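Participant: Here it is: the structure, laid out below.
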Amino acid sequence: MGDERPAGANAASADGGWPATGVGPMPPPSASEYLIQCRYCGSVPAASVTYRAHRGMILIMQFRRIEGPFCRSCGLEAFRRMTSDTMLQGWWGAISFWITPVILLMNVALRHRVAGLAPPGPSPHGDSRPSDGPGAPLFARPAAIAAMVIFVLLVVLATTR
Ligand SMILES: [Zn+2]
């Protein structure tokens, strides 16, 4: 009872030919999730996953990534931060405009890797601290809200004449 196991069925790689450092070959079975510790707070269970962000600046662009292993809280925080940043900063370039939805979809496809974990607890190996928590939900973050406002304004502008 209370044994939350992540659904490992959907293990297809969400990688669209991107340089795939850090994305594990397969999700680990649930038992091994207790053998790896969160890179940021040391809690268990943790999942090895990488979340990405993209920023377009007309002629130049910037790729960021943050690698686990993450516990559930730290992983959701990383997913939300990178995804909301990309929602606002990603679109601003001719190439970036097409890269951004790929980055967003990759993050969303990998969200379940941390969302499916049991809540973080202290590691049996010691050397862990309580996670800082997952932070505000994605659509409650200023960058995501600003992105949605801009999107709505663009749709209004495009449809009013
Ligand atoms: Zn953590």
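Participant: Quick one: would you say Arg5 is surrounded by 14 or more Cβ atoms within 10 Å (Cβ to Cβ) and either at pLDDT below 95 or not small (Gly, Ala, Ser) (or both)?
Facilitator: no
Participant: Can you tell which of Met106, Met82 is more than 15 Å from the ligand (Cβ to nearest atom), in contact with a helix residue (DSSP H, G or I) (Cβ under 9 Å, 6 or more places away or on another chain) and either among the aliphatic types (A, V, I, L, M) or part of a strand (DSSP E or B) (or both)?
Facilitator: Answer to the check: Met82.
Participant: Quick one: in region 42-74, which of the residues that are within 10 Å of the ligand (Cβ to nearest atom) and hydroxyl-bearing (Ser, Thr, Tyr) is farthest from Gln89 (Cα to Cα)?
Facilitator: Ser43
Participant: Here's something else I'd like to know. Return the pair list, or none, for Cβ contacts closer than 9 Å from residues in region 47-60 that are within 25 Å of Glu77 (Cβ to Cβ) to residues that are among the basic types (Lys, Arg) and assigned to a strand (DSSP E or B), at least 6 apart or on different chains.
Facilitator: Listed pairs, sorted by first residue: Thr50/Arg65; Tyr51/Arg65; Arg52/Arg64; Arg52/Arg65; Ala53/Arg64; Ala53/Arg65; His54/Arg64; Arg55/Arg64.
Participant: Residue by residue through region 111-125, note down the ones that are within 16 Å of the ligand (Cβ to nearest atom) and within 21 Å of Ala144 (Cα to Cα).
Facilitator: The answer is Arg111, Val114, Ala115.
Participant: Only one of Ala94, Ala147, Ala140, Ala136 is away from the ligand (no atom under 16 Å from the Cβ), modelled with pLDDT under 95 and among the small types (Gly, Ala, Ser); which?
Facilitator: Being away from the ligand (no atom under 16 Å from the Cβ), modelled with pLDDT under 95 and among the small types (Gly, Ala, Ser) holds for just one of Ala94, Ala147, Ala140, Ala136, which is Ala94.
The values are calculated or read from the model by the stated rules, or taken from the named source; none is laboratory data. Note that the structure is a prediction, hence the values are computed from the model and not measured. We place every Cβ from the backbone using ideal geometry, glycine too, and count neighbours over all the protein chains shown.
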